[in-house]
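Chemist: Quick one: the structure is below, and I'll ask about it shortly.
The values are calculated or read from the model by the stated rules, or taken from the named source; none is laboratory data. Small disclaimer: the values here were computed from a predicted structure and weren't measured. Every residue, glycine as well, gets a Cβ built from its backbone with ideal geometry; the counts of neighbours run over all protein chains shown. Accessible surface areas use protein heavy atoms only, side chains included; no ligands, DNA or RNA. Shrake-Rupley method; radii C 1.70, N 1.55, O 1.52, S 1.80 Å.
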Amino acid sequence: TRYSLQQDLMQRGIIRKGWTKDTESSGQLIASNYSPLDLFSGSRQRIHKALKELSNNMQNNFRVWCNGNQIFGEYIQPSNHECSVILDMMFRGFETINSSTECDSSARLLDSITTTLTNILERETLLPNVQRIQLLDVIDGDGAVKIYQRLVNL
């Protein structure tokens, strides 16, 4: 996919992310296994796979907010204690979720979020609607940049 190609080019240093600060871009990029084809597939398993891959390697493409504060995102992750508090708020009364100590709270919280989000995205029409709108765009972002550059140069 185009996304995979961009990941490869960024990992090799041929292109770089436009939103990073110069101090952030010095680190080696780890390519994401996320595929937009999975997210827009309509398949529950593929949507969940896409969300898991986004949460495993966020790269400014996946952010989670709680009570108006960003808790997950590129370079942002709450402490295990903060994750435990959020899990307690989300699943108050469900001892099986709260008592699990097999993996850290951050991983459990992200798993809960991606599973819940998968259920919502599978049920709602958001992704098919976004896909239909994207299909109307005949020039895409790169084409818009070229048109803008030509207009500036007139």
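Chemist: Which value at 222 nm does the chain reach when only helices count, each DSSP H run of 4 or more adding -39,500 (n - 2.57), with the total divided by all residues and rounded to the nearest 500 deg cm²/dmol?
Modeler: Details: 8 runs with 85 residues, N = 154.
After summing the helix terms and dividing by the residues of the chain, the value is -16500 deg cm²/dmol.
Chemist: If you add up the charges near GLY143, with Lys and Arg at +1 and Asp and Glu at -1, over every other residue whose beta carbon is less than 12 angstrom from its beta carbon, what do you get? If you can, show how the numbers build up before the last one.
Modeler: Numbers: positive: LYS146, ARG150; negative: ASP137, ASP140, ASP142.
The answer is -1.
Chemist: Shifting gears a bit: Alpha carbon centre of the range 54-89 versus the range 111-149: separation in Å?
Modeler: First find each Cα centre; the distance between them is then 22 Å.
Chemist: If I model a spin label at ALA144 and ILE14 as a point 7 Å from the Cα along the Cα→Cβ vector, what separation in nanometres do I get?
Modeler: 2.5
Chemist: Can you figure out the FRET efficiency of LEU151 with ARG46, using R₀ = 41 Å and their beta-carbon distance, to the nearest 0.05? Don't skip to the answer; put the middle values down first.
Modeler: Values: r = 39 Å, r/R0 = 0.96.
FRET efficiency, LEU151 to ARG46: 0.55.
Chemist: Now for a different question. How tilted is helix 126-136 with respect to the longest principal axis of the chain? Cα atoms for both, answer in degrees (0 to 90, nearest 10).
Modeler: Roughly 0 degrees between the two axes.
Chemist: Could you give the length gained on full extension between ASP104 and VAL85, defined as 0.36 nm per residue of separation minus the Cα-Cα distance, in nm?
Modeler: Separation in residues times 0.36 nm, less the Cα-Cα distance, equals 5.6 nm.
Chemist: Heavy atoms only, probe 1.4 Å: what % of the accessible area of the chain goes to carbon and sulfur, would you let me know?
Modeler: Numbers: 5860 of 10610 Å².
C and S atoms contribute 55 percent here.
Chemist: Please report, for the Cα atoms of the chain, the Rg to one decimal and the Dmax as a whole number; what are they, in angstrom?
Modeler: Final numbers for Rg and Dmax: 18.6, 66 Å.
Chemist: Only Lys, Arg, Asp and Glu count, each charged at its Cβ (+1, +1, -1, -1), so figure out the dipole size of the range 38-154 about its Cα centre, rounded to 20 debye. Mind dumping the intermediate values first?
Modeler: Details: 11 positive and 14 negative charges, 81 e Å.
Taking the Cα centre of the range 38-154 as origin, the dipole is about 380 debye.
Chemist: Going toward the positive end of the dipole of the chain, with +1 on Lys and Arg Cβ and -1 on Asp and Glu Cβ, which of CYS83, LEU109, LEU121 do you reach last?
Modeler: Towards the positive end, the residue furthest out is LEU121.
Chemist: Could you derive backbone 3J(HN,Hα) for the range 72-82 from the dihedral phi with the Karplus parameters 6.51, -1.76 and 1.60 (θ = phi - 60°), listing whole Hz in sequence and x where the residue is Gly or Pro?
Modeler: Result, ordered by residue: 9, x, 4, 6, 10, 8, x, 5, 4, 5, 4 Hz.
Chemist: Taking only protein heavy atoms and a 1.4 Å probe, what accessible area per residue, in Å², does the chain have with all protein chains in place?
Modeler: Working: 10610 Å² over 154 residues.
Each residue of the chain exposes 69 Å² on average to a 1.4 Å probe.
Chemist: Based on the Cβ-Cβ distance of ASN33 and VAL130, what FRET efficiency does E = 1/(1 + (r/R0)^6) give at R0 = 30 Å, to the nearest 0.05? The partial results should precede the final answer.
Modeler: Numbers: r = 21 Å, r/R0 = 0.71.
Using R0 = 30 Å, I get an efficiency of 0.90.
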